[in-house]
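The block underneath contains the structure these notes are about, expressed in structure tokens.
A short reminder: the numbers here are calculations on the coordinates, not readings from a lab. It should be emphasised that the depicted structure is a prediction, and the values quoted were computed from it without experimental measurement. For neighbour counting, all protein chains shown are included, and Cβ atoms are generated from backbone atoms with ideal geometry for every residue, glycine included.
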Amino acid sequence: MGENTKIEWCDHSWSPWRGCTKVSPGCANCYAETLSKRFPVVFGQWGKGKPRVKAKNWNDPVKWNRTNKDGFTVSDPPITVFPSLCDWLDEEVPIEWLAEFLRLVHDTPNLTWLLLTKRPENWHSRLVDVRLRLAHMAIAEADNAKKHKALNAWLELWRSGDSPPSNVWVGTSVEDQTRADERIPAMLEIPATGRFLSVEPLLGQVDLNRWLLAEHGRRQIGAPPGISWVICGGESGHGARPCNVEWVRSLVRQCKSAGVATFVKQLGASPVIVPQGYDPIDGTLPRPHPLFSVTHTKGGDPDEWPEDLRVREFPQRFGKEASRATA
Ligand code: SF4
């Protein structure tokens, strides 16, 4: 559990700005938007053309970066940071903000940034725009020219794939098969030292085999991994859609067969079973009926789950303790 986050799979959540636009069914009950409805000045607004709000506490990651460096030996696990209240590749965010955020990522090499997006297809154009902006800034601000040029060179190494940042893991969210088919290939185009998937909120059966099974081949030839970590979970919060426990079970099995770390975050507020023999015509569930009684509001207490789903693994590189109840 993080020091300042309730998200179990990272150490800190910190967002450079708040506000976004919904792009797919997984966004329907976006919890960051729920917060924004109550406090729009702090949490930004949702929708096209609506203002995003820049964070004020930009020094926090710098502080965590120092703590990690000074407080632990190099072999200790890195501190992971996840921007949870925005999409870092949101095309409506001023390009200067993204440049500033990437400068922060560059300046905090002791952190591991978990950069999740539902817009992996934007990566190339956003990076090009940031680099253009930095080139202009290097001309306009003579005093800072060296700094802007250094960041630009770092981004070029990332863009070309010659040296993706070692402190960045790139991830994409896929709530169903359609989004998996669209976003995973786009995410795999982004050069990265580590990649992960967030399969949450799980809205249907998701088959990841075509990507996960390739991991075996990659390992055999010593190639860098394509996808090293899969986080999954059902939906929680007001209006949460039901999650068929079999969808979670299937992901756990797929990851296990491919030797990819899995983290089951929660079963959601409404875990259900689908009667045997049920033949979905349009992918919708039958009238949900509880599989078992979960008292945790998000279905987030592993003690309440079937034993084989109690899997909370981290990628080896994070050096964190994993738990897998099954062999
Ligand atoms: S992309 Fe993420 S932050 Fe943006 S609306 Fe969708 S769920 Fe919310």
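Here are a few things to note about the model shown:
- Tilt relative to the chain, helix 177-188 - C-alpha long axis, 0 to 90 degrees, to 10: 30
- For the stretch 122-141 versus the stretch 17-37, the gap between their alpha-carbon centres in whole angstrom: 27
- Rel. contact order, % - alpha carbon contacts under 8 angstrom, at least six apart, the chain: 12
- Restricting attention to the chain, close to 20% of DSSP beta bridges with both partner residues there are antiparallel.
- Computed from Cα atoms, the angle from the helix 95-107 axis to the main principal axis of the chain rounds to 90 degrees.
- Residue order for Ile231, Ile221, Ile7, Ile184, fewest other beta carbons within 10 angstrom first, comes to Ile221, Ile7, Ile184, Ile231.
- Cα centre as origin, Lys/Arg/Asp/Glu Cβ charges: the chain dipole, Debye: 560
- Dipole of the chain computed with +1 at Lys/Arg Cβ and -1 at Asp/Glu Cβ about the Cα centre; of Met137, Asn110, Leu309, farthest Cα towards the positive end is Met137.
- Between the exposed loop cleavage positions of the chain, defined as trypsin sites (Lys or Arg not before Pro) in a non-H, G, I, E, B DSSP state with at most 13 neighbouring beta-carbon atoms within 10 angstrom, the longest gap is 57-327.
- HN-Hα J in Hz across the stretch 40-56 - Karplus 6.51, -1.76, 1.60, θ = phi - 60°, x for Gly and Pro: x, 5, 8, 9, x, 10, 10, x, 4, x, 7, x, 8, 10, 6, 5, 9
- Gained length - Ala140 relative to Glu91, 0.36 nm times residue gap less alpha-carbon distance: 15.2 nm
- Each residue of the stretch 18-34 was assigned a 3J(HN,Hα) from its phi angle through the Karplus curve 6.51 cos²θ - 1.76 cosθ + 1.60 (θ = phi - 60°); the sequence is 10, x, 5, 10, 5, 10, 7, x, x, 7, 3, 10, 3, 6, 5, 5, 4 Hz, with glycine and proline shown as x.
- Cα gyration tensor shape of the stretch 1-173, rounded if a/c is under 1.5, else prolate or oblate by comparing a/b with b/c: oblate
- The stretch 18-108: GluC sites (Glu not before Pro) in DSSP loop, at most 10 other beta carbons within 10 Å: none
- Counting only Cβ charges, +1 for Lys and Arg and -1 for Asp and Glu, the dipole size of the stretch 1-173 around its Cα centre is about 480 debye.
- Crossing angle, helix 145-160 versus the chain [Cα axis fit, 0-90 degrees, rounded to tens]: 40
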